[in-house]
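Since the structure comes first, as structure tokens, the remarks are kept for the end.
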Amino acid sequence: MTAAPVHLAGERLMLDPAGAAYWPAGGLLAVSDLHLEKGSSFARHGVLLPPWDTKATLDRLVLLIRHWSPQVVVALGDSFHDAAGHGRLPPVEAARLRSVASALRLVWVRGNHDPGPPDGLGGESMEILRAGPLTFRHQAVRSAAPGEICGHHHPKATISARGGQVSRPCFVADACRLMLPAFGAYAGGLDVSDPAIAALFPRGGGMFLLGRHRLFSFTLASVRR
């Protein structure tokens, strides 16, 4: 896969086509909105989905860790689909997360779906992680200083392509912040033209659509309706 570099608050970040951001100077890999155990959450309410979302999501995360060899992994909130999700983890997947936490620094940034720390999985739980000039949080703050890295909105964009349109998750970036796409296998998306996202990028910016092996760069102005 070919990662794309962006600069934020004077720092160089690498955007991975899998939907993660790597900060080389900090040895830090950031992912957002894993929504682990979303399938089992839906099943509890009578909506049956294949129960493999957690495994698929963690498979991808482990591959990224092997590729980038980070010292720190930051999960930017909504790592679990609900507050009890960590308790429904299959034992083998819980063991994988404990193994990650024992091998490096694992930070669980709290989100609106998972406001409490995940018990028994290791790592650190916090509202915000500040590292150098960068601030890692779940939901963007409009008044944030440059250097904010966030998730929450699950950004996606639709572009015209040969024979129709293509809709893909994407990164969104400007001089102030970087918004990550949702990393979870069952996570949906919100179009970048939605006011909830557009209001956070009032002066425009760039977006990077996820492809199989690379990212595709567009301006926000090119897709806003």
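Can you tell me the orientation of helix 91-103 relative to the chain, as the angle in degrees between its alpha-carbon axis and the longest Cα principal axis, to the nearest 10?
Its long axis makes an angle of about 70 degrees.
Report Rg(Cα)/(2.2 N^0.38 Å) for the stretch 4-222, keeping two decimals.
So the stretch 4-222 has a normalised radius of gyration of 0.97.
May I ask which residue of ALA3, THR57, ILE128 lies farthest towards the positive end of the charge dipole of the chain, with charges of +1 (Lys, Arg) and -1 (Asp, Glu) on Cβ and the Cα centre as origin?
The listed residue farthest towards the positive side: ALA3.
Let me have the 222 nm mean residue ellipticity of the chain computed from DSSP H runs of 4+ only, each contributing -39500 (n - 2.57), with the sum over all residues rounded to the nearest 500.
Taken over the chain, the calculation gives -5000 deg cm²/dmol.
Would you mind checking the tilt of helix 53-68 against the longest principal axis of the Cα atoms of the chain, expressed as 0 to 90 degrees and rounded to 10?
Long axis of 53-68 versus the principal axis of the chain: about 70 degrees.
If each residue of separation counts as 0.36 nm, what is the full-extension length gain between ARG162 and ASP59 once their alpha-carbon separation is subtracted? Please report the intermediate quantities before stating the final value.
Working: separation 103, 0.36 × 103 = 37.08 nm, distance 3.21 nm.
Result: 33.9 nm gained on full extension.
Only the coordinates and a few stated rules stand behind these numbers; no lab work does. Only a predicted model underlies this, so the values are computations on that prediction, with no experimental measurement involved. Note that each Cβ is placed from the backbone with ideal geometry, even for glycine, and that neighbours are counted across all protein chains shown.
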